[in-house]
1. Name the one entry in Thr93, Thr136 that is within 30 Å of Leu260 (Cβ to Cβ) and either at pLDDT 90 or above or among the aliphatic types (A, V, I, L, M) (or both).
2. Please go through segment 115-141 and pick out each residue that is more than 17 Å from the chain's Cα centre (by Cα) and under 23 Å from Ile18 (Cα atoms).
3. Among the residues of segment 201-215, is any polar (S, T, N, Q) and in contact with a Leu (Cβ under 9 Å, 6 or more places away or on another chain)?
4. Does segment 217-225 contain at least one residue that is under 18 Å from Ser273 (Cβ atoms), open to solvent by less than 20 Å² (accessible area, probe 1.4 Å), modelled with pLDDT of 95 or more and part of a helix (DSSP H, G or I)?
5. So how many residues does segment 260-275 have that are open to solvent by 10 Å² or more (accessible area, probe 1.4 Å) and either free of Cβ contacts under 8 Å to residues at least 24 places away in the same chain or part of a loop (DSSP other than H, G, I, E, B) (or both)?
6. Please count how many residues of segment 163-206 are more than 17 Å from Leu150 (Cα to Cα), hydrophobic (A, V, I, L, M, F, W, C) and either in a strand (DSSP E or B) or open to solvent by 30 Å² or more (accessible area, probe 1.4 Å) (or both).
7. Assuming Ala45 fulfils every condition listed in (1) open to solvent by 60 Å² or more (accessible area, probe 1.4 Å); (2) at pLDDT 85 or above; (3) touching a Gly at 6+ places or on another chain (Cβ under 6 Å) apart from one, which condition is it?
8. Across segment 1-42, which residue is most open to solvent (accessible area, probe 1.4 Å) among those that are outside any helix (DSSP H, G or I) and in contact with a Pro (Cβ under 9 Å, 6 or more places away or on another chain)?
Amino acid sequence: MSNVRNLINITDLSLAEIDHLIEIADDIVAHPEMYNEICAHKKLATLFFEPSTRTRLSFEAAMLELGGSVLGFSSANSSSAAKGESVSDTIRTVGCYADIIAMRHPKEGAPIVAAERTTVPIINGGDGGHFHPTQTLTDLLTIKRKKGRLNNLVIGLCGDLQFGRTVHSLIEAMLRYENIEFILISPDELKVPDYIKEEMNKAGVKWREVTRLEDAMSELDILYMTRVQRERFFNEADYIRLKDSYILNLDKLKTAKEDLAILHPLPRVNEISVEVDDDPRACYFFQALCGKHIRMALILFLLGIK
């Protein structure tokens, strides 16, 4: 419908563009006063058809810190979707009121439909079990800040690897960097989908699956924990049986590297014990802060503001 730039999947960005976004995010931290009014009179619409705390609030905080303003809704029930309005119609309407849209939807592919109908940039804030590109940008910025690099890493992904959209997006992103190895830690019921395995094979990266966290811990540079998501299960009994499968505590960290970085997209339920929070390797609240900085950079990038 238009030539606007959208972000639906992390692969919509080149490596050079990701590096550029990380540079902007770092400059925002170094020189915050330069960015205070840079989006004055610009409006961000947050269309969240599915609940969110960090993603929605970090988008809103990002736009407010850039001097812009925010409008939108935080659940489908508080929008005309409750009356049966289509995503396409919602997007076309909101595009009349806002300069950029951040959208989360429970249905895979909804942001693609939105992007076909938009006159302003669309940012995918998560679509079902599919993609979550701004979380991936957050993860990349966190890894870069903590490890100083985005190559030569052994990355452990633990928990719900089947439905976890943050896991799928992070794998997609890291496949493009050199000398990356994945260790996939999950119960048999929650393994990474076959299409992701095919992509890893096609990219020629090393990967293996284990069912015990302890079997991978000593090798890891990054440990990416995820929760077992109740809302992705059709069977409550399966959820209850699996939800406590992988709980990270200090005892499990005994064999871990001194400079391990522990990431989690949050919200946490009980998969990371609170005793880990004070360990210097715990990076998940720092990660939430990185999320604001990278979304500020992304808003500027998609609006074409230098």
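The values are calculated or read from the model by the stated rules, or taken from the named source; none is laboratory data. Nothing here was measured: the structure is a model prediction, and the numbers come from that model. Backbone-built Cβ (ideal geometry, glycine too); neighbour counts: all protein chains shown. The protein model used for the area step is the full one, side chains on, heavy atoms only, and it has no ligands, DNA or RNA in it. Shrake-Rupley method; radii C 1.70, N 1.55, O 1.52, S 1.80 Å.
1. Details: Thr93 fails: within 30 Å of Leu260 (Cβ to Cβ).
Matching residue, one of Thr93, Thr136: Thr136.
2. Let us first name the residues in segment 115-141 that are more than 17 Å from the chain's Cα centre (by Cα), namely 115-121.
Selection gives Ala115, Val120, Pro121.
3. Quick first cut of segment 201-215, residues polar (S, T, N, Q) only: 201, 211.
Retained after the next criterion (residues that are in contact with a Leu (Cβ under 9 Å, 6 or more places away or on another chain)): none.
No, segment 201-215 contains no residue that is polar (S, T, N, Q) and in contact with a Leu (Cβ under 9 Å, 6 or more places away or on another chain).
4. Yes, the conditions are met somewhere in segment 217-225.
5. Initial filter on segment 260-275 (open to solvent by 10 Å² or more (accessible area, probe 1.4 Å)): 265-270, 273-275.
Filter once more, keeping what is either free of Cβ contacts under 8 Å to residues at least 24 places away in the same chain or part of a loop (DSSP other than H, G, I, E, B) (or both): 265-270, 273-274.
Residues meeting the conditions: 8.
6. Qualifying residue count for the region: 3.
7. (1)
8. Residues of segment 1-42 outside any helix (DSSP H, G or I): 1-9, 13-14, 31, 36-42.
Filter again for in contact with a Pro (Cβ under 9 Å, 6 or more places away or on another chain), leaving 4-9, 13.
Values: Val4: 45, Arg5: 91, Asn6: 31, Leu7: 1, Ile8: 23, Asn9: 22, Leu13: 6 Å².
Among them, the one singled out is Arg5.
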